[in-house]
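This report refers to the structure that appears directly beneath it.
FYI, it's all coordinate maths here, none of it is from the lab. Computed from a predicted model, the values in this text were never measured in an experiment. Cβ sites come from the backbone with ideal geometry, for glycine too, and all protein chains shown count toward neighbours.
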Amino acid sequence: MPYLGNAPSATFQSVAYQDLTGGTGTSFTLSHAVASAMEIEVFVNNVRQEPTVAYTVAGTALTMTGTIAATDDFYVVFQGKAVGSVSHPTTSPLAATTGNFTGNVTSSGSVTATSFSGDGSSLTGLGGSIAFLATITTTYTVNASSFATIDYNTNGTEEFDVGNCFDKTNNKFIAPVAGIYQFNISLRVDSGTTNDYINMGLRTPSYSGDGQGTNQSDIVYRSAYVLIGQPSPDFQSLTASTILQCTANQEIEHWVLTETDTSVGINNRGSMFSGCFLG
């Protein structure tokens, strides 16, 4: 399974027994430090000694109350103590380690990272951690005789932006990580006068093609393209939804275009741009 931090640097081993036979006196050195007399069993001539009464310990120093003779069968049994060590990051946030985790974990435990890998499986990003909704809140007029990006900065608001993925100042979505995304767009277009078409969709900024190519910009353009012929002069509602495979930092914007009208209204009821990361 995936893990955070550094891989263990040593294998743990059990320390079970130390033979002190042949030693004399009251002071002896243990092969492994212990925290209290309760962590070891001391035997003299196969008789277990009483902790803190017959002996005391301080780290590796064992002190016997009575004097041990060289002929005594004298040994210590450690109670499941383990030797070995493991190094682990001490800084916060924890830094990523290549091949195991890409990104950061904050001290509070939240994940700002994008991918995991481990026992043959791989997860790119965290579903639900990237999502946004921008809406038009003030009806405004736009010249849509050429591609016009929907202005959420001046005439709209971000209802929410989880993962800081919508650049409201520049009216565009920026993919924080590579992966599959769901996008939804809608417009209510008012005051068309020529009875010519109105169309709407998504595009990479400054794209001016017709969606007939095979590169990523062509795919974005044709995936959510909607056209309405002979629209009502009162208003027309357009909606589209698509799923796209985005690269990291890919930019996508919401646009509208009319055939000949130079001035149409973008209504604050029913005009929005939303999206979320699927995985």
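Rounded to the nearest Hz, the phi-derived 3J(HN,Hα) couplings of region 246-254 under the Karplus curve 6.51 cos²θ - 1.76 cosθ + 1.60 (θ = phi - 60°) are 9, 8, 4, 6, 5, 10, 9, 10, 9, where x marks glycine and proline. For region 138-247, what does the alpha-carbon gyration tensor say about shape, rounded, prolate or oblate, given a ≥ b ≥ c as the root eigenvalues, a/c under 1.5 as rounded, and a/b over b/c as prolate? Note, shape of region 138-247 comes out oblate. Can you classify region 17-79 as rounded, prolate or oblate using the Cα gyration tensor, where a ≥ b ≥ c are the square roots of its eigenvalues, rounded means a/c under 1.5, and otherwise it's prolate if a/b beats b/c and oblate if not? The shape class here is rounded.
Within the shell of other residues whose beta carbon sits under 13 angstrom from the beta carbon of Gly23, the net charge comes to -3, with Lys and Arg scored +1 and Asp and Glu -1.
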